[in-house]
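In what follows, a single structure is set out as structure tokens and then discussed.
The values are calculated or read from the model by the stated rules, or taken from the named source; none is laboratory data. Bear in mind the structure is a predicted one, so any value in this text is a computation, not a measurement. Note: ideal-geometry Cβ built from the backbone for every residue, glycine included; neighbour counts use all protein chains shown.
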Amino acid sequence: MQLDNLYQEVILDHYKNPQHKKLNATYDAQVHHINPSCGDEITLNVTLDGDLVKDVSWDGMGCSISQASVSILTDLLIGKNLDQAQVVADSFMHLMQSKGTEKGDEELLEDAVALAGVSQYPARIKCALLGWMAFKDASVQALAKQG
Amino acid sequence: MTFDARTIAKDFPILSRTIRDGKRLVYLDSGATSQKPNVVIDAESDFYRLHNAAVHRGAHQLAEEATDAYEGARSIVANFLNADIDEVVFTKSATESLNLIAYAMGNAQIGNRFHLNAGDSIVVTEMEHHANLIPWQQLAARTGATLKWFTVTAEGRLDLSNLDSLVDASTKVVALTHQSNVLGTINPLEDITRRAHEVGAVVVLDACQSVPHMPTDVKALDIDFLAFSGHKAVGPTGVGIFWGRADLLAELPPFLTGGSMIENVTMESATWAPAPRKFEAGVPNMAQAVGLGAALTYLTAMGMDNIHQHEMSLTKYLLEGLSVITDLRIIGPKTTDLRGGVVSFTLGDIHPHDLGQYLDSQGIAVRTGHHCAWPLTRKLGVPATTRASVYLYNTTDDLDALISGVQGAQKYFGR
């Protein structure tokens, strides 16, 4: 059924076994984001080493889409430099806005292409973007701290 | 006439459409907004088609017809609530009604009974919808008054044990919901209104979840102000009701000012028309008010007692049906004692959004989230719930679909 496009196995796996879901005690920036329409919340820590994303850790509560999306984000972005991370984030954002017309670049987005189905459910796009918005905010703050 | 939900459902055209690839629509989200019967859709469109003109103005026949239709709707609302006609104010929504009184109180000068200052208090409850919380938070912030609240017990009832100390001589207003939009809890009002009036406070009732579902008599309730929305009572969007006792409306300053609400205007100042017009600045949402009149006439014909009984039997059926599902937890009273047809629940580790999405794939429409009562869901330790709400057109078939849908979701997400 169409619902299976939304809830792919990969998403449910990440929901049940979220990656990096334990806030690291040290960080360059910490942000707290809320989805006011549904109450989903996330706290996300970012540590940079120059322009390298050295660590991303998080805690939060929300639906499988929001939780899986941030779990996938940590796997994808840790170890990349900020420019590469931006390319990935832009590509993910583009996929979310594609209204089901695109499958996503698997080489670039890896597990995140499993979220392609979200783009067919307008009410859920915000869920998928919650962690990505938090990362964007935190990385800008962390970078600013470097002066 | 016997009450038959299946026959009633035929009056609501949307209920015969299909959803998500041909599934029967099971609409269990009337607590958010109700569906509309043909008589309401026709009344609204007939107003535009045949009678449209600005009410209370114009020297022509259409203006007369529009005014008759609009004032006729006011009379229907008054009868529905057992109120006097001049006590009924049309607003654009219940949210506007509640903001109206909060802002109007903020406009009251020293000497006016509604004037607030730093020594005064406003009492609300932890189970308020944001629309009956934030306007009071804001009023407190503007005037320096203190905001206090009744807490909610683990069973989802108001804790009234501190009624006499919470509502004291400093209290100017007690604002609370008649029925929680999350828990379904119906609040007993008698002790609260007695205590409020004892200390000279007014009682503002958010009746959005009660007026559409049970007979309401504002005189018998002994309240001072009441708000409800048209769209939850099979009426159109864009129309709400603000009701107030005549003597209080006479003293309450206006909120919105402008055309229609005046008695006399000079370049320096203005005086106000008597209520209800004092509170109806500008050309109102006429077609929607007329549609609301048709809606309440329809509900009256079905019988508010019948509707309430029907919903009580559905609620009992639903509570029993849900109670056997493993990991399902009802958030709110578990019996139909002082409770309406709004049933919130959680389901193990399955997030309400995911459950709602699965139910949607089966054609079942429910609400998920914090239901605009975030402080309440936080207090109860459930950041989000799934909520089913019933109305006159729902049947046990709808509830069976929900119950098996919930079980289906457990299988689906348990894979």
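Conditions (1) closer than 18 Å to B:His231 by Cα; (2) in contact (Cβ under 8 Å) with a residue 40 or more places away in the chain, marked per residue:
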position	(1), (2)
B:Ile76	yes, yes
B:Leu81	yes, yes
B:Glu87	no, yes
B:Phe90	yes, yes
B:Ser97	yes, yes
B:Leu100	no, yes
B:Gly106	no, no
B:Arg113	no, yes
B:Gly119	no, yes
Enumeration of residues in the stretch A:13-39 that are closer than 30 Å to A:Gln146 by Cα, within 13 Å of another protein chain (Cβ to nearest Cβ) and not aliphatic (A, V, I, L, M): A:Pro18, A:Asn35
For the stretch A:117-147, which positions are farther than 22 Å from B:Leu355 by Cβ, touching a helix residue (DSSP H, G or I) at 6+ places or on another chain (Cβ under 8 Å) and either buried (at least 20 other Cβ atoms within 10 Å of the Cβ) or within 14 Å of chain B (Cβ to nearest Cβ) (or both)? A:Trp132, A:Ala134, A:Phe135, A:Ser139
Can you name the strands (runs of 3 or more DSSP E) wholly within the stretch B:340-415 that have at least 2 residues being more than 11 Å from chain A (Cβ to nearest Cβ) and either within 21 Å of B:Leu25 (Cβ to Cβ) or within 18 Å of the chain's Cα centre (by Cα) (or both)? B:342-347, B:385-389
B:Asn99 - would you say it is touching a helix residue (DSSP H, G or I) at 6+ places or on another chain (Cβ under 9 Å), among the polar types (S, T, N, Q), assigned to a loop (DSSP other than H, G, I, E, B) and assigned by TED's automatic domain parsing to the domain that holds B:Ala196? no
Being in a loop (DSSP other than H, G, I, E, B) and more than 14 Å from every other protein chain (Cβ to nearest Cβ), is that true of even one residue in the stretch A:81-88? no
Top-ranked residue of the stretch B:1-49 - restricted to ones that are hydroxyl-bearing (Ser, Thr, Tyr) and assigned to a loop (DSSP other than H, G, I, E, B), ranked as farthest from the other protein chains (Cβ to nearest Cβ): B:Thr2
Where in the stretch B:152-231 are the strands (runs of 3 or more DSSP E), entirely inside, with at least 1 residues that are of a type in the set (Phe, Trp, Tyr) and surrounded by 24 or more Cβ atoms within 10 Å (Cβ to Cβ)? B:225-229
Does A:Val70 qualify as being at pLDDT 95 or above and part of a strand (DSSP E or B)? no
Quick check on the stretch B:247-262. Is at least one of its residues aliphatic (A, V, I, L, M), free of Cβ contacts under 8 Å to residues at least 24 places away in the same chain, in the same structural domain as B:His130 (by TED's automatic domain parsing) and in a strand (DSSP E or B)? yes
Note on the stretch B:273-324: residues in a helix (DSSP H, G or I) and charged (D, E, K, R) are B:Arg277, B:Lys278, B:Asp305, B:Glu311, B:Lys316, B:Glu320
